[in-house]
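The values are calculated or read from the model by the stated rules, or taken from the named source; none is laboratory data. Just so we're clear, the structure is a prediction, and the values are computed from it rather than from any experiment. So basically every Cβ, Gly included, is an ideal-geometry build from the backbone, and we count neighbours across all protein chains shown. Surface accessibility is based on the protein's heavy atoms, side chains included, excluding ligands, DNA and RNA. Shrake-Rupley method; radii C 1.70, N 1.55, O 1.52, S 1.80 Å.
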Amino acid sequence: MEKENIKIVYEDEDYIVVNKPSGLLTIPDRFDKQQKNLFDILKEHYPQLYITHRIDKDTSGIVCFAKNSQAHKELSKMFENRTVEKTYLGLVYGKLVQQHGKIELPISENKNNPAKVKIDFKNGKPSITEYKVLELFKDYSLLEIKPLTGRRHQIRIHLATIGYPIVADNLYSNKNALYLSEIKKNYKPKPDQKPLISRCALHAYKIKFLHFRTNEFLEVVAPLAKDLEITLKYLREYNSL
């Protein structure tokens, strides 16, 4: 699976945990079944595979699949009961004043734009996101984010709504890339300047749950994607406080 840049970060007889690259769907697209996706790639190597959760196409990081029906049943139950702890790292526009917080805003589908979701106090489903500031820059913040519910685009819409959208989020911010010229003072870009990052700067960093077979907590971490790592390096160099 090296050619698809898919790295297995943990595997046992019940689960396989993968560090998904950005730009790859987790599961087959509802309308275009021909689009490359993580599930179909893994199925070539693991004939028996079960989907337990998913992350957005542009988001990099941890995706966990079950390798048998019992493992699938147990983990699905834990997701349903909200006992799976998921931790994301996200780079947002703006310097957060509050070092930690909880966002509780109901979310529903956006019928006017099916690609997005919306905050909907009348018909939305309860949605909770916790965050903590890990690192502050002049114009950006690196956050540790824990979604306590699992709504579609939850982290993205929640942070955008409180005024700190994810960097290069083409749906919920007004930009789709971050360039060195935006963070380095007096930097004169070349005409063919390439962005530091050109996708939603969100990474599924860690997953933790009680393994039904060992009765011990399993905690798996996925290293940061290279584009996000490089972006942070330049921010520390040119946009530090």
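Of all aspartates and glutamates in the structure, those lying under 13 Å Cα to Cα from LYS185, and not within fewer than 8 positions of it along the same chain, are ASP139, GLU237.
Here the chain is assigned +1 on the Cβ of each Lys and Arg and -1 on the Cβ of each Asp and Glu. Its dipole about the Cα centre then comes out at about 760 debye. Each peptide in 179-190, 102-113 receives the mean, over its residues, of other Cβ atoms within 10 Å, and ordering these scores from highest gives 102-113, 179-190. In the chain, the longest principal axis of the Cα atoms and the axis of helix 69-80 are about 40 degrees apart.
Each peptide in 9-18, 210-219 gets a packing score, the mean of other Cβ atoms within 10 Å over its residues, and the list from highest to lowest is 9-18, 210-219. Accessible area per residue for segment 78-147, computed on protein heavy atoms with a 1.4 Å probe, is 57 Å².
The shape of segment 62-126 comes out oblate: with a ≥ b ≥ c from the C-alpha gyration tensor, a/c is at least 1.5 while a/b does not beat b/c. For segment 166-241, the Cα gyration tensor yields ellipsoid semi-axes of 35, 14, 10 Å (square root of five times each eigenvalue, largest first, whole Å). Rg/Rh, computed from the Cα trace of the chain with Rh as the Kirkwood radius, has the value 0.97. With both labels modelled 7 Å from their Cα along Cα-to-Cβ, the SER240 to LYS7 distance reads 2.5 nm.
Rg over Rh for segment 105-241 works out to 1.03, both radii taken from alpha-carbon positions and Rh defined as the Kirkwood radius. The modelled label-to-label distance between MET78 and ASP192, using points 7 Å beyond Cα along the C-beta direction, is 4.9 nm. Accessible surface of TYR238, taken over heavy atoms with a 1.4 Å probe and every protein chain present, rounds to 70 Å².
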